[in-house]
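This report concerns only the one structure given below.
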Amino acid sequence: MGNFVSSSDGLLARFTIPRFYTRLSSDDNGYINRASSVVSRSPFLIGYFFGILLVILLTIPIGLILFMKLNTSHSTTSIGTTLLKQPLTSHDSMTTTTVSSHLSARTITTTSKFCSIPAINAIWSQSSAVVVNPLGKCSSDENSLCSARDFFLDNIHNTLYIADTDNNRIQKYSLNENYNQSEGAMGITVAKNGLLCPQSVFVDIHTEDMYIMDLDKMESFTQYGHVSYRVHLWKKNENVGRILLSQTTEQGFSRNIHHLALDNQMNIYVGTTYFIEKWLASTNYAGRIIVTGKNNDSPSYLRNLRNPGTFFITDDLTLYIADWQNKLIQQWKANATTGEIVIEFLSNVQGITMDCNGYIYFLDGSTGKICQIDMVEGQSREIVDFKNIDGTSILIQPTMIQIDKLGNIFVLGKQQVYKFPLVHT
Ligand SMILES: *[C@@H]1O[C@H](CO)[C@@H](O)[C@H](O)[C@H]1NC(C)=O
Ligand SMILES: *[C@@H]1O[C@H](CO)[C@@H](O)[C@H](O)[C@H]1NC(C)=O
């Protein structure tokens, strides 16, 4: 989940992504007004029109003069903003979709932050290598997985952590080492003692401490009861963790994917059936608030989530959520009471992540594609197509997606990890 660095005071800081998105207008019911409001008073309209015309007529010559002056003086103090070009499709069969007219072209401040992934027109291999468990068998041996539900990529140490759910353990893999192609990467168990069906793992990539969400009992044994989710803090190299918090869940919780993530203030976020709950570090994880979705509300999907798959949190505490059963991606700004649609009419999106350029990546398991969203341009483009000719997915039950600092995309399937390398042209 991006570059997660920690400062000496123990606070975490994510990559800084410039954000100049305007808030979408929403009506009283929390729905986004998708058509911009029409000006109905025509005298004002005419006034506006001539006003704007006058401004344009005045701006062009001034702009030309400034431009010529800048060019002739060879000024080294260039303007600190650059306009990203429209992303082009990398492949004929791939489509570019407009994300939302409200998130249309805007300038982005160039930062000194280094990101080695090309910002424009990056191309990925359309075929993947199986990095973990090439035979795909459900087994508890060190190099296998069994019904893994979530994974996390540590971009400092170049390691991958997998919530190996049905093996009741967390597996860790080094992405630096060469491995035997027929056996896959070598896994080591880094957490097991006391874990039951771990759902999600998040790593403080400075300390390598793990935050693990698991269950207190198997739901199948408690037909009419409820399970609780638990969050364990598992310090690096320790063979037992400690439970930070525990919370009763809605019925049927364990049937779906649930995700855990931390923000740069060490607050813990957990996705439930309808909400994302934020457990406050300031209360030592005794207090929580619901940050997306409102209890006892109408089924308006922009207030309540429906089985969110994964989500991530940016520096300014904006949440981006793969709202799986609502078939869309939502954005919730800090303290927001309603969400904003980033992209909708998706089919099976549970995995979402962001790269060091600030592009969002999601995986649609049913349509067999990986897409990149440029929030600045307000566009989504298909970058990988993993369908067979008959339209079925080549990958086995792909759900989650992560991207490393070099731009290689990793996809978690039922019990395998696939890699789509960035193509260097
Ligand atoms: C890779 O693993 C296979 C299966 O275990 C083994 O037969 C083969 O010798 C290994 N190859 C190398 C180069 O170690
Ligand atoms: C959200 O609310 C908190 C607490 O009231 C406040 O400190 C913070 O500045 C708010 N953030 C935004 C982006 O409004």
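The values are calculated or read from the model by the stated rules, or taken from the named source; none is laboratory data. Predicted, not measured: the structure shown is a model, and the values here were computed from it. Please note: Cβ atoms are built from the backbone with ideal geometry, for glycine as well, and neighbour counts cover all protein chains shown. For the accessible areas, the whole protein counts, side chains as well, though only heavy atoms, and no ligand, DNA or RNA atoms are used. Shrake-Rupley method; radii C 1.70, N 1.55, O 1.52, S 1.80 Å.
Here are the numbers for the structure shown:
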{"item": "Residue that is farthest from ligand 2 (Cβ to nearest atom), among those in the range 185-202 that are open to solvent by less than 80 Å² (accessible area, probe 1.4 Å), closer than 16 Å to Ala148 by Cα and over 25 Å from the mean Cα position of the chain (by Cα)", "result": "Thr189"}
{"item": "In the range 306-344, the residues that are modelled with pLDDT under 90 and either open to solvent by less than 50 Å² (accessible area, probe 1.4 Å) or within 16 Å of ligand 1 (Cβ to nearest atom) (or both)", "result": "Thr338"}
{"item": "Of all residues in the range 144-169 being open to solvent by 30 Å² or more (accessible area, probe 1.4 Å) and not β-branched (Val, Ile, Thr), the one that is farthest from Gly413 (Cα to Cα)", "result": "His157"}
{"item": "Count - residues of the range 333-385 that are more than 16 Å from ligand 2 (Cβ to nearest atom) and outside any loop (DSSP other than H, G, I, E, B)", "result": "27"}
{"item": "Number of positions in the range 142-153 that are modelled with pLDDT of 95 or more and within 19 Å of Gln181 (Cα to Cα)", "result": "2"}
{"item": "Test: residue in the range 217-230 that is closer than 22 Å to Asn133 by Cβ, in the same structural domain as Phe410 (by TED's automatic domain parsing) and modelled with pLDDT of 95 or more", "result": "no"}
